[in-house]
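In what follows, a structure is listed as C-alpha coordinates, so that the remarks can point back to it.
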Amino acid sequence: MDTTLTYFRKSAFSRDALVYSGDLDSQPAEGTLPFPIYYLDIGTRHINLCRNATQVTSPLLTGKQHGILGRTATIRGDIISSAHRNGVLSNAWTFVYMAEEFKWSISRWSNRWTLVDGRGNNIALFERASFRASKIGTLNISAGLSEHLVWLVVLTCELVHRTVKASERAAGGS
(Lines give C-alpha, C1' and ligand atoms only; values in the text may rest on other atoms or scores of the structure.)
Protein backbone atom coordinates (compact mmCIF):
# COMPACT_ATOMS: atom_id res chain seq x y z
CA MET A 1 0.00 0.00 0.00
CA ASP A 2 1.30 3.45 -0.91
CA THR A 3 2.23 5.96 1.78
CA THR A 4 0.60 9.40 1.76
CA LEU A 5 2.18 12.26 3.69
CA THR A 6 0.96 15.85 4.06
CA TYR A 7 3.36 18.76 4.60
CA PHE A 8 2.34 21.84 6.62
CA ARG A 9 4.26 24.93 7.62
CA LYS A 10 5.07 24.86 11.34
CA SER A 11 3.67 28.39 11.67
CA ALA A 12 2.93 31.39 9.48
CA PHE A 13 6.42 32.89 9.83
CA SER A 14 8.48 29.71 10.06
CA ARG A 15 10.44 27.95 7.32
CA ASP A 16 10.13 24.68 9.24
CA ALA A 17 7.58 22.05 8.24
CA LEU A 18 5.60 19.30 9.92
CA VAL A 19 4.86 16.10 7.99
CA TYR A 20 1.76 14.07 8.86
CA SER A 21 0.71 10.60 7.76
CA GLY A 22 -2.35 10.65 5.50
CA ASP A 23 -3.99 13.12 3.14
CA LEU A 24 -5.10 15.96 5.40
CA ASP A 25 -6.98 19.10 4.36
CA SER A 26 -6.06 21.12 7.43
CA GLN A 27 -3.34 21.00 10.03
CA PRO A 28 -4.31 19.36 13.33
CA ALA A 29 -4.12 21.62 16.39
CA GLU A 30 -0.88 21.29 18.32
CA GLY A 31 -1.07 18.48 20.87
CA THR A 32 -3.97 16.70 19.15
CA LEU A 33 -4.03 13.56 17.03
CA PRO A 34 -2.66 12.84 14.54
CA PHE A 35 0.83 13.87 15.57
CA PRO A 36 3.40 14.69 12.88
CA ILE A 37 5.65 11.77 11.95
CA TYR A 38 8.50 14.01 10.73
CA TYR A 39 9.74 17.49 11.48
CA LEU A 40 11.76 19.41 8.88
CA ASP A 41 14.13 21.92 10.47
CA ILE A 42 14.86 24.24 7.54
CA GLY A 43 17.72 26.75 7.57
CA THR A 44 19.23 28.95 4.91
CA ARG A 45 21.53 26.19 3.59
CA HIS A 46 20.33 23.04 5.36
CA ILE A 47 17.33 20.80 5.93
CA ASN A 48 17.26 18.44 8.92
CA LEU A 49 14.78 15.56 8.79
CA CYS A 50 13.82 14.68 12.38
CA ARG A 51 11.31 12.38 14.04
CA ASN A 52 9.92 15.38 15.92
CA ALA A 53 10.74 18.96 16.90
CA THR A 54 12.54 17.89 20.07
CA GLN A 55 15.11 15.82 18.12
CA VAL A 56 16.60 18.63 16.02
CA THR A 57 20.05 18.00 17.52
CA SER A 58 20.00 14.36 16.32
CA PRO A 59 18.30 14.35 12.89
CA LEU A 60 17.65 11.23 10.83
CA LEU A 61 19.16 12.99 7.80
CA THR A 62 20.77 16.36 7.14
CA GLY A 63 20.89 17.89 3.68
CA LYS A 64 23.37 20.74 3.18
CA GLN A 65 23.40 22.83 0.02
CA HIS A 66 26.73 23.98 -1.42
CA GLY A 67 27.93 26.57 -3.88
CA ILE A 68 26.83 30.13 -4.51
CA LEU A 69 23.50 29.05 -6.01
CA GLY A 70 23.05 25.96 -3.84
CA ARG A 71 23.12 23.68 -6.89
CA THR A 72 24.57 20.66 -5.07
CA ALA A 73 23.86 19.07 -1.71
CA THR A 74 25.30 16.41 0.54
CA ILE A 75 22.96 14.27 2.57
CA ARG A 76 24.21 12.59 5.73
CA GLY A 77 22.77 10.46 8.50
CA ASP A 78 22.46 6.68 8.63
CA ILE A 79 23.13 6.91 4.89
CA ILE A 80 25.32 9.18 2.78
CA SER A 81 24.06 10.53 -0.52
CA SER A 82 24.56 13.46 -2.83
CA ALA A 83 22.13 15.51 -4.85
CA HIS A 84 22.40 18.07 -7.62
CA ARG A 85 20.15 20.33 -9.65
CA ASN A 86 19.63 19.05 -13.18
CA GLY A 87 20.54 22.29 -14.93
CA VAL A 88 21.19 25.99 -14.47
CA LEU A 89 17.56 26.96 -14.98
CA SER A 90 16.06 23.69 -13.76
CA ASN A 91 14.23 23.26 -10.46
CA ALA A 92 14.55 19.46 -10.74
CA TRP A 93 16.98 17.53 -8.54
CA THR A 94 18.68 14.15 -8.87
CA PHE A 95 20.01 12.07 -5.98
CA VAL A 96 21.73 8.71 -5.62
CA TYR A 97 20.74 5.92 -3.22
CA MET A 98 22.39 2.47 -3.17
CA ALA A 99 24.11 3.24 -6.52
CA GLU A 100 20.76 4.02 -8.18
CA GLU A 101 19.88 7.46 -9.50
CA PHE A 102 16.51 9.04 -8.71
CA LYS A 103 15.24 12.17 -10.45
CA TRP A 104 12.53 14.64 -9.50
CA SER A 105 10.72 15.86 -12.65
CA ILE A 106 9.01 19.22 -12.28
CA SER A 107 5.93 20.10 -14.35
CA ARG A 108 5.93 23.66 -15.62
CA TRP A 109 2.17 23.50 -16.17
CA SER A 110 0.92 22.18 -12.84
CA ASN A 111 1.75 22.09 -9.14
CA ARG A 112 3.03 18.49 -9.34
CA TRP A 113 6.37 16.84 -9.47
CA THR A 114 7.26 13.19 -9.88
CA LEU A 115 10.18 11.14 -8.60
CA VAL A 116 11.38 8.41 -10.99
CA ASP A 117 14.05 5.80 -10.49
CA GLY A 118 16.82 4.92 -12.95
CA ARG A 119 14.51 2.49 -14.77
CA GLY A 120 11.80 5.14 -15.27
CA ASN A 121 9.42 3.81 -12.61
CA ASN A 122 7.36 6.39 -10.72
CA ILE A 123 8.43 6.28 -7.07
CA ALA A 124 6.62 9.32 -5.66
CA LEU A 125 4.28 12.14 -6.63
CA PHE A 126 4.07 15.49 -4.84
CA GLU A 127 1.03 17.72 -5.33
CA ARG A 128 1.59 21.21 -4.07
CA ALA A 129 -1.30 22.90 -2.33
CA SER A 130 -2.75 25.99 -3.99
CA PHE A 131 -3.99 28.99 -2.06
CA ARG A 132 -3.46 27.42 1.36
CA ALA A 133 -1.86 29.40 4.13
CA SER A 134 -0.33 26.50 6.02
CA LYS A 135 -0.61 23.41 3.78
CA ILE A 136 2.44 22.90 1.56
CA GLY A 137 1.26 19.79 -0.27
CA THR A 138 0.75 16.03 -0.33
CA LEU A 139 3.37 13.40 -1.13
CA ASN A 140 2.39 9.91 -2.31
CA ILE A 141 5.21 7.36 -2.05
CA SER A 142 5.11 3.92 -3.68
CA ALA A 143 4.91 0.89 -1.40
CA GLY A 144 7.91 -1.33 -0.78
CA LEU A 145 10.61 1.30 -0.35
CA SER A 146 13.15 1.00 2.45
CA GLU A 147 12.82 3.37 5.39
CA HIS A 148 16.07 5.13 4.41
CA LEU A 149 14.81 5.71 0.86
CA VAL A 150 11.53 7.11 2.24
CA TRP A 151 13.59 9.52 4.37
CA LEU A 152 15.52 10.61 1.26
CA VAL A 153 12.26 11.12 -0.65
CA VAL A 154 10.79 13.26 2.16
CA LEU A 155 13.97 15.38 2.46
CA THR A 156 14.61 15.82 -1.29
CA CYS A 157 10.96 16.69 -1.89
CA GLU A 158 11.43 19.65 0.47
CA LEU A 159 14.68 20.51 -1.33
CA VAL A 160 12.75 20.66 -4.62
CA HIS A 161 9.95 22.68 -2.98
CA ARG A 162 12.35 25.29 -1.69
CA THR A 163 14.04 25.53 -5.12
CA VAL A 164 10.67 26.02 -6.83
CA LYS A 165 9.69 28.72 -4.28
CA ALA A 166 13.03 30.52 -4.78
CA SER A 167 12.51 30.49 -8.57
CA GLU A 168 9.00 31.92 -8.14
CA ARG A 169 10.29 34.68 -5.88
CA ALA A 170 13.05 35.52 -8.39
CA ALA A 171 10.44 35.70 -11.16
CA GLY A 172 8.23 37.95 -9.03
CA GLY A 173 5.66 35.27 -8.17
CA SER A 174 4.26 34.25 -4.76
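Could you tell me whether any residue of region 119-137 is part of a loop (DSSP other than H, G, I, E, B), more than 30 Å from Ala29 (Cα to Cα) and hydrophobic (A, V, I, L, M, F, W, C)? No, region 119-137 contains no residue that is part of a loop (DSSP other than H, G, I, E, B), more than 30 Å from Ala29 (Cα to Cα) and hydrophobic (A, V, I, L, M, F, W, C). Within region 17-37, the set of residues being open to solvent by less than 20 Å² (accessible area, probe 1.4 Å) and either in contact with a helix residue (DSSP H, G or I) (Cβ under 9 Å, 6 or more places away or on another chain) or of a type in the set (Val, Ile, Thr) (or both) comprises Ala17, Val19. Under 8 Å between Cβ atoms, which residue pairs at least 6 apart in sequence (or on different chains) link something in region 18-35 that is under 16 Å from Ala53 (Cα atoms) and of a type in the set (A, V, I, L, M, F, W, C) with a partner that is in a loop (DSSP other than H, G, I, E, B) and open to solvent by 50 Å² or more (accessible area, probe 1.4 Å)? Going by the 8 Å Cβ cut-off, the qualifying pairs are Leu18/Lys10; Leu18/Gln27; Val19/Ile37; Phe35/Asn52.
Identify all residues within region 28-54 that are within 18 Å of the chain's Cα centre (by Cα) and either among the aliphatic types (A, V, I, L, M) or at pLDDT below 80 (or both); write none if there are none. If you could, list the steps in order and put the result at the bottom.
Our first condition is that a residue be within 18 Å of the chain's Cα centre (by Cα); within region 28-54, this holds for 36-53.
Ile37, Leu40, Ile42, Ile47, Leu49, Ala53, listed by residue number.
Within region 95-103, does at least one residue satisfy the condition of being in a loop (DSSP other than H, G, I, E, B) and in contact (Cβ under 8 Å) with a residue 60 or more places away in the chain? Give the derivation first.
Narrowing region 95-103 to residues in a loop (DSSP other than H, G, I, E, B): 98-99.
Retained after the next criterion (residues that are in contact (Cβ under 8 Å) with a residue 60 or more places away in the chain): none.
Scanning region 95-103, I find no residue that is in a loop (DSSP other than H, G, I, E, B) and in contact (Cβ under 8 Å) with a residue 60 or more places away in the chain, so the answer is no.
Within region 1-13, can you find the residues that are part of a loop (DSSP other than H, G, I, E, B) and over 11 Å from Tyr39 (Cβ atoms)? If you could, list the steps in order and put the result at the bottom.
As a first pass, look at region 1-13 and keep what is part of a loop (DSSP other than H, G, I, E, B): 1-2, 10-13.
Across region 1-13, the qualifying residues are Met1, Asp2, Ser11, Ala12, Phe13.
For region 138-174, filtered to residues that are outside any helix (DSSP H, G or I) and open to solvent by less than 10 Å² (accessible area, probe 1.4 Å), the residue that is farthest from Trp109 (Cα to Cα) is Ile141.
Restricting region 55-84 to residues that are small (Gly, Ala, Ser) and at pLDDT 85 or above leaves a set whose member that is surrounded by the fewest Cβ atoms within 10 Å (Cβ to Cβ) is Ser58.
The values are calculated or read from the model by the stated rules, or taken from the named source; none is laboratory data. Because the structure is a prediction, the values reported are computed rather than measured. Counting neighbours? That spans all protein chains shown, and the Cβs are built from the backbone with ideal geometry, glycine included. Just so you know, the surface numbers come from the protein's heavy atoms only, side chains and all, with ligands and any DNA or RNA stripped out. Shrake-Rupley method; radii C 1.70, N 1.55, O 1.52, S 1.80 Å.
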